[in-house]
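Asks: This structure is in structure tokens; I'll ask about it shortly.
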Amino acid sequence: MNAEHTVKAFDEDITRLRGLITEMGGLAETALEGALDALIRGDEKLAEKIVADDRKLDTLELEVDRLAVKIIALRAPMADDLREVVAALKIAGVVERIGDYAKNISKRVGRIEGRNRFEPLTLLPAMGDVAAEMVHDVLTAYAARDPALACEVIAADKKVDAFYNSVFRNLVSHMVENPATISSAAQLLFVARNIERIGDHATNVAEMVYFAATGSYPIDDDVEES
Amino acid sequence: METPRALPWPGLIIATSSAFLLMFAGFALPYALAIWLVWCLTLWISQPADRVVEAELDEDAMSRQNLTGMIENAQSPLLLVDRTRVVMANASARNLLGEHVVGQDVRVAIRQPNAVAMMNREGNGEAIVTGLVRRRDVWRVIRYALDRKTSVIELISKTAESDVSRAHTDFVANASHELRTPLASIIGYAETLSEHPADIDEKTARKFLDTIQREARRLQNLVSDLMSLSRVEAEKHDRPETAIPLNELVERSAREGAGPDRADRVHVTHNGEFTVRGDSQQLEQLVRNLVDNALKYGRPGTPVHVELSETAMGEAKVVVKDQGEGIAPEHLPHLTRRFYRTDPGRSRMSGGTGLGLAIVKHIVERHHGRLDIESELGEGTTVIVRLPRDGTGEVSPVSPLATATGDASQSGQDRPNEGDNRTAS
């Protein structure tokens, strides 16, 4: 993969493509961290900034699309180069979705009332941490073309799912006991749902990273391996 | 400085021939001689001395090899960037960011938006980024533009500084509650004993004294655990360098952790010889804590298996497995938090401080390893510690997964104490 191509411009295109993807990843990662932070601290300014910043991700996604299509059209990539480009196309879409979920979490920050007394809020940071860790890891795996790390990310999705179930149960019982806070708790349910989806998307990216690096899709048995 | 100053031959020849010419033209010999002398003197003075020094440096000290060596061995990570492509990374940078960054787009190495924005601008600049390698680390990214297309990027770690403030608030929040509880019972029982000595019969007094003793001992354990926790945390960012043979250490500290009464329940198996870079005291404590936990929470009389083996990725793996009640999945992510208890009553009865796993987590982090806890209700709990072997890099360039799921260092942000204890009870 790291061998240079005869056509230097091709090399440059691929490098730029990878650069764009990681830049998108960095934006999405920062948006997610910021959204979780804003949620915990009730920082509406930060939340607004994240919503505004999401536009950059959209522009970058367009740029990735254009570049990937250009590479396919002009250079007719083969084998691992083709995998690289296809994976980049798919990953760009997924990373953009992750950014959207972060944006969605930020939008809900202002809708949670009486946050100082609202204890279910303490359930979410730990869950958000696992998801943020997954996103961070999967981007590192992409940068390093590391299939082993990608597998770990896939394995970590179980943790997010377990968290989601536990948070869901907790929130529902909280709603039953405190009907007055149902609207805020419902917002948190959506936040938890968003985080859970982010975990799933990180898993998707991990699968693409694995695919780009090895040419096959990870089998579940591989994933079980510690 | 032995090289003699080269004589300016052409100048000397011109000076001498001019002197002869002057003599032919009718100048007196002393005049011509004086002019010749002055000429030679100016030649001598104008001889550039620094050119000699430069030549000397060129040959020995400033050789390309030495310059490369200087950059390569510099402690701070340095990247040389041509437009947007990393063309060179020194050893420290490759260690930090991974070997793959060379030849890649600089955004592959540093993807944080504010750093990317800074690098898209021309000229010098700097940015503070979080999560460069591990999720919570903080780095200062500095860019020196060498010319229009080449620049040097230097990375400076700021993690330690940003950690300190958080650690303080964390500690005050968590520890005061834990310290106060045993103190309250000690003071209460002691007051009762001293204020109404007549009303209390021998048996009750005995009971009170036992409680005082137990609570005092608990306080003592707590303080010593807090001490070791803060010690580990203080050294968190300097990775230990000593090579330690792991097999012998695990064997010994597993036995120590069990103590003479329970030693026969511990079974240690070795699959291979392992050497890790580490702090032997801390690694011993890690194994002791894990074995002690396993014995405490395993059903009475059941064996505890300690296994040392190699992972698929070539790291050393220490597995401690008990046969106990297991831990419900909702508790798993929180286990490494300070003072988190799945069952507060039982943990206190058995003398637990709630810090054992937090200490383990910090030790693992300091050794750049990973900690995973798996558990099945009714079957038992398995704790897996993976450590990079000596001579290899990291387990992987990210922080432990188990850490992320229950990171004690984050508990400051999410005001966990009240909430957690409730979930736990």
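Asks: Pairs under 7 Å by beta carbon, first residue in the same structural domain as B:Asp82 (by TED's automatic domain parsing) and closer than 10 Å to A:Gly19 by Cβ in segment B:99-110, partner outside any helix (DSSP H, G or I) and of a type in the set (Ser, Thr, Tyr), six or more apart or different chains?
Replies: As it stands, the answer is B:Asp105/B:Thr84; B:Val106/B:Thr84, since those pairs meet every condition given.
Asks: Could you grab me the full set of residues in segment B:236-248 that are open to solvent by 50 Å² or more (accessible area, probe 1.4 Å) and either among the polar types (S, T, N, Q) or not in a helix (DSSP H, G or I) (or both)? Steps first, answer last, please.
Replies: Keep residues of segment B:236-248 that are open to solvent by 50 Å² or more (accessible area, probe 1.4 Å), which gives B:237-238, B:241-243, B:245, B:248.
Listed by number, the residues that qualify are B:His237, B:Asp238, B:Glu241, B:Thr242, B:Ala243, B:Pro245.
Asks: Starting from segment B:356-367, keep only residues that are open to solvent by 10 Å² or more (accessible area, probe 1.4 Å), then list their pairs with residues that are of a type in the set (Gly, Ala, Ser) whose Cβ atoms are within a distance under 7 Å, requiring at least 6 positions of separation or different chains.
Replies: Filtered contacts from segment B:356-367: B:Glu365/B:Ser399.
Asks: Within segment A:165-173, is there a residue that is touching a helix residue (DSSP H, G or I) at 6+ places or on another chain (Cβ under 7 Å), open to solvent by less than 30 Å² (accessible area, probe 1.4 Å) and at pLDDT below 85? Step through it out loud before you land on a result.
Replies: Residues of segment A:165-173 touching a helix residue (DSSP H, G or I) at 6+ places or on another chain (Cβ under 7 Å): A:167-168, A:170-171.
Narrowing further to those that are open to solvent by less than 30 Å² (accessible area, probe 1.4 Å): A:167, A:171.
After this cut, where a residue has to be at pLDDT below 85 as well, the list is A:167, A:171.
Checking segment A:165-173: at least one residue is touching a helix residue (DSSP H, G or I) at 6+ places or on another chain (Cβ under 7 Å), open to solvent by less than 30 Å² (accessible area, probe 1.4 Å) and at pLDDT below 85.
Asks: Any residue in segment A:69-87 that is closer than 30 Å to A:Ser173 by Cβ and either among the aliphatic types (A, V, I, L, M) or in contact with a strand residue (DSSP E or B) (Cβ under 8 Å, 6 or more places away or on another chain) (or both)? If you could, list the steps in order and put the result at the bottom.
Replies: Here is the first cut: in segment A:69-87, the residues closer than 30 Å to A:Ser173 by Cβ are none.
No, segment A:69-87 contains no residue that is closer than 30 Å to A:Ser173 by Cβ and either among the aliphatic types (A, V, I, L, M) or in contact with a strand residue (DSSP E or B) (Cβ under 8 Å, 6 or more places away or on another chain) (or both).
Asks: Now, a different point. Report yes if some residue within segment B:281-302 is open to solvent by 20 Å² or more (accessible area, probe 1.4 Å), out of contact with any helix residue (DSSP H, G or I) (no Cβ under 6 Å at 6 or more places or on another chain) and farther than 22 Å from B:Leu357 by Cβ; otherwise report no.
Replies: Yes, some residue in segment B:281-302 is open to solvent by 20 Å² or more (accessible area, probe 1.4 Å), out of contact with any helix residue (DSSP H, G or I) (no Cβ under 6 Å at 6 or more places or on another chain) and farther than 22 Å from B:Leu357 by Cβ.
Asks: Can we say B:Val276 is surrounded by 18 or more Cβ atoms within 10 Å (Cβ to Cβ), part of a helix (DSSP H, G or I) and touching a helix residue (DSSP H, G or I) at 6+ places or on another chain (Cβ under 6 Å)? Break it down stepwise before answering.
Replies: Values: surrounded by 18 or more Cβ atoms within 10 Å (Cβ to Cβ): yes; part of a helix (DSSP H, G or I): no; touching a helix residue (DSSP H, G or I) at 6+ places or on another chain (Cβ under 6 Å): yes.
In short, no.
Asks: For segment B:59-78, name all the residues that are without any contact (Cβ under 8 Å) to a residue 60 or more places away in the chain and not hydrophobic (A, V, I, L, M, F, W, C).
Replies: Step one: of segment B:59-78, the residues without any contact (Cβ under 8 Å) to a residue 60 or more places away in the chain are B:59-75.
Once the filter is applied, which keeps residues that are without any contact (Cβ under 8 Å) to a residue 60 or more places away in the chain and not hydrophobic (A, V, I, L, M, F, W, C), segment B:59-78 yields B:Glu59, B:Asp60, B:Ser63, B:Arg64, B:Gln65, B:Asn66, B:Thr68, B:Gly69, B:Glu72, B:Asn73, B:Gln75.
Asks: So is B:Arg231 outside the structural domain of B:Gly356 (by TED's automatic domain parsing), under 22 Å from the mean Cα position of the chain (by Cα) and either more than 20 Å from B:Arg341 (Cα to Cα) or of a type in the set (A, V, I, L, M) (or both) or not?
Replies: On the way: outside the structural domain of B:Gly356 (by TED's automatic domain parsing): yes; under 22 Å from the mean Cα position of the chain (by Cα): yes; either more than 20 Å from B:Arg341 (Cα to Cα) or of a type in the set (A, V, I, L, M) (or both): yes.
So B:Arg231 fits the description; yes.
Asks: Check off (1) at pLDDT below 80; (2) buried (at least 22 other Cβ atoms within 10 Å of the Cβ) for A:Gly114 and give me the number that stays unchecked.
Replies: Only one criterion is unmet by A:Gly114, namely (2).
Asks: Let me ask something additional. For B:Arg370, only one of the following conditions fails: (1) within 13 Å of chain A (Cβ to nearest Cβ); (2) modelled with pLDDT under 75; (3) under 30 Å from B:Glu99 (Cα atoms). What is its number?
Replies: Of everything listed in (1) within 13 Å of chain A (Cβ to nearest Cβ); (2) modelled with pLDDT under 75; (3) under 30 Å from B:Glu99 (Cα atoms), B:Arg370 misses just condition (2).
Asks: Could you tell me which of the residues A:Ala155, A:Ala180 is open to solvent by 20 Å² or more (accessible area, probe 1.4 Å), at pLDDT below 85 and part of a helix (DSSP H, G or I)? Break it down stepwise before answering.
Replies: Values: A:Ala155 fails: at pLDDT below 85.
Answer to the check: A:Ala180.
Asks: I would also like to ask the following. Hey, does segment A:13-22 have a residue that's open to solvent by 60 Å² or more (accessible area, probe 1.4 Å) and out of contact with any strand residue (DSSP E or B) (no Cβ under 9 Å at 6 or more places or on another chain)?
Replies: No, segment A:13-22 has no match at all.
Asks: Restrict the check to segment B:236-252 and report whether at least one residue is within 30 Å of B:Gly278 (Cβ to Cβ), in contact (Cβ under 8 Å) with a residue 24 or more places away in the chain and over 29 Å from the mean Cα position of the chain (by Cα).
Replies: No, there is no match, as no residue in segment B:236-252 is within 30 Å of B:Gly278 (Cβ to Cβ), in contact (Cβ under 8 Å) with a residue 24 or more places away in the chain and over 29 Å from the mean Cα position of the chain (by Cα).
Asks: Are there any pairs with C-beta distances below 7 angstrom linking a residue in segment B:300-319 that is within 12 Å of chain A (Cβ to nearest Cβ) and in a loop (DSSP other than H, G, I, E, B) to a residue that is of a type in the set (Lys, Arg) and open to solvent by 20 Å² or more (accessible area, probe 1.4 Å), with the two at least 6 apart or on different chains, and if so which?
Replies: What qualifies is B:Thr311/B:Lys317; B:Gly314/B:Arg389; B:Glu315/B:Arg389.
Asks: Further question on the same structure: When you go through B:Val116, B:Val152, B:Val81 one by one, which is the residue that is touching a Lys or Arg at 6+ places or on another chain (Cβ under 9 Å), among the β-branched types (Val, Ile, Thr) and without any contact (Cβ under 8 Å) to a residue 12 or more places away in the chain? Give the derivation first.
Replies: Values: B:Val152 fails: without any contact (Cβ under 8 Å) to a residue 12 or more places away in the chain; B:Val81 fails: without any contact (Cβ under 8 Å) to a residue 12 or more places away in the chain.
None of the other options fit; the residue is B:Val116.
Asks: Yes or no: segment B:203-219 includes at least one residue that is free of Cβ contacts under 8 Å to residues at least 40 places away in the same chain, within 30 Å of B:Ile359 (Cβ to Cβ) and among the hydrophobic types (A, V, I, L, M, F, W, C). Steps first, answer last, please.
Replies: Taking segment B:203-219 as the starting set, the residues that turn out to be free of Cβ contacts under 8 Å to residues at least 40 places away in the same chain are B:203-216.
In the following step, the residues that additionally are within 30 Å of B:Ile359 (Cβ to Cβ) were identified as B:210-216.
From the residues that got through so far, the ones that are among the hydrophobic types (A, V, I, L, M, F, W, C) too are B:212, B:216.
Yes, segment B:203-219 has at least one match.
Asks: Which of the residues belonging to segment B:84-98 are more than 22 Å from B:Lys158 (Cα to Cα) and without any contact (Cβ under 8 Å) to a residue 24 or more places away in the chain? Spell out the reasoning first.
Replies: Kept after step one, since they are more than 22 Å from B:Lys158 (Cα to Cα), are these residues of segment B:84-98: B:84-88.
Passing the criteria: B:Arg85, B:Val86, B:Val87, B:Met88.
Table: residues versus (1) closer than 20 Å to B:Ile384 by Cβ; (2) touching a Lys or Arg at 6+ places or on another chain (Cβ under 6 Å); (3) among the hydrophobic types (A, V, I, L, M, F, W, C).
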| site | (1), (2), (3) |
| --- | --- |
| B:Asp225 | no, no, no |
| B:Val250 | yes, no, yes |
| B:Arg255 | no, no, no |
| B:Thr269 | yes, no, no |
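Asks: Also, quick follow-up: Of (1) more than 21 Å from B:Ile373 (Cβ to Cβ); (2) open to solvent by 70 Å² or more (accessible area, probe 1.4 Å), B:Glu330 satisfies all except one. Which?
Replies: (1)
Asks: Look at segment B:144-179 and say how many of its residues are modelled with pLDDT under 75 and part of a strand (DSSP E or B).
Replies: The total comes to 0.
The values are calculated or read from the model by the stated rules, or taken from the named source; none is laboratory data. Keep in mind that this is a model prediction, so the values were computed, not measured. Reconstructed Cβ throughout: ideal geometry from the backbone, glycine too, with neighbour counts over all protein chains shown. We work out accessible area using only protein heavy atoms, side chains counted, and drop any ligands, DNA or RNA first. Shrake-Rupley method; radii C 1.70, N 1.55, O 1.52, S 1.80 Å.
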